[in-house]
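Comments concern the structure below.
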């Protein structure tokens, strides 16, 4: 089975943003707690699975993507997508977010558990995180970008993961990613922001206000 035949989690756009006439559409990052809770509840209530190849070409559906920012002290893990990666539309871009498509989790207690298990799987596939102490997870908000080809069919759940000082992070797939640590000030440099994926740009601006 090819990756485009993978069954991934999606939510119908109309059920996510405009259910019963209560329009919660936004562009950029949504941090308002009530709005984030309402959108998260709609994801939990209405999500289904769809063939990935069909979902990527159908803007009537949004693919929820856990998008995690790894922080250690005042530095954020930053990586550049190399030519060996699968998403052709993102090659050469800089990113501070780790995450990917979600699959159904059998016997999950709730949607939050579905998201957490998928996020942990994605991080473990891309990175090796070694630490004697557990990390702290905190959901900051949601990301939506209907102005890009990739963004039209995805919605991001922005999660900050605070790592202890002894944590070591290395890239597993060195043909796909090149990692480094940057401060928020370094990430906010205009020349570096120009090279950022749109979601990472939104995330950086959110972290500046957080």
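Bear in mind these aren't lab numbers, they're just calculated from the coordinates by the rules spelled out. Because the structure is a prediction, the values reported are computed rather than measured. Note: ideal-geometry Cβ built from the backbone for every residue, glycine included; neighbour counts use all protein chains shown.
Where both bridge residues fall in the chain, DSSP classifies roughly 75% of the beta bridges as antiparallel. Here the Debye sum runs over all C-alpha atoms of the range 1-122 as equal scatterers in vacuum, and log10 of I(q)/I(0) at q = 0.11, 0.15, 0.16 Å⁻¹ comes out as -0.44, -0.83, -0.94. Adding -39500 (n - 2.57) for every DSSP H run of four residues or longer, then dividing by how many residues the chain holds, sets the calculated 222 nm ellipticity at -7500 deg cm²/dmol.
Per residue, the convex hull spanned by the alpha carbons of the range 17-60 comes to 98 Å³. Each peptide among 137-147, 104-114 gets the average number of other Cβ atoms lying within 10 Å of its residues, and from highest to lowest they stand as 137-147, 104-114. In plain terms, the chain from residue 31 to residue 139 could stretch by 37.9 nm, reckoned as 0.36 nm per residue minus the Cα-Cα distance.
With 0.36 nm allotted per residue and the present C-alpha distance subtracted, the residue 125-residue 20 stretch has 33.9 nm of extension available.
Mind giving me the nanometre distance, one decimal, between the label points for residue 193 and residue 162, set 7 Å out from Cα along Cα→Cβ? The answer from the label model is 2.6 nm. Normalised Debye scattering of the chain at q = 0.09, 0.10, 0.16 Å⁻¹ gives log10 I(q)/I(0) of -0.33, -0.41, -1.13, counting only Cα atoms as equal scatterers and leaving out solvent.
When 94, 82, 115, 128 are arranged by Cβ crowding within 10 Å, least crowded first, meaning fewest neighbours, the order is 128, 82, 94, 115. In this simple spin-label approximation, residue 44 and residue 109 carry label points 7 Å from Cα along the Cα→Cβ vector, and these lie 1.2 nm apart.
Distance from the Cα centre of the range 1-56 to that of the range 100-122, in angstrom? Rounded to whole Å, the Cα centres lie 14 Å apart. With contacts taken as Cα pairs under 8 Å and at least 6 residues apart, the chain reaches a relative contact order of 27 percent. If r is the Cβ-Cβ distance from residue 3 to residue 60 and R0 is 22 Å, what FRET efficiency results, to the nearest 0.05? For R0 = 22 Å, the calculated efficiency reads 0.55.
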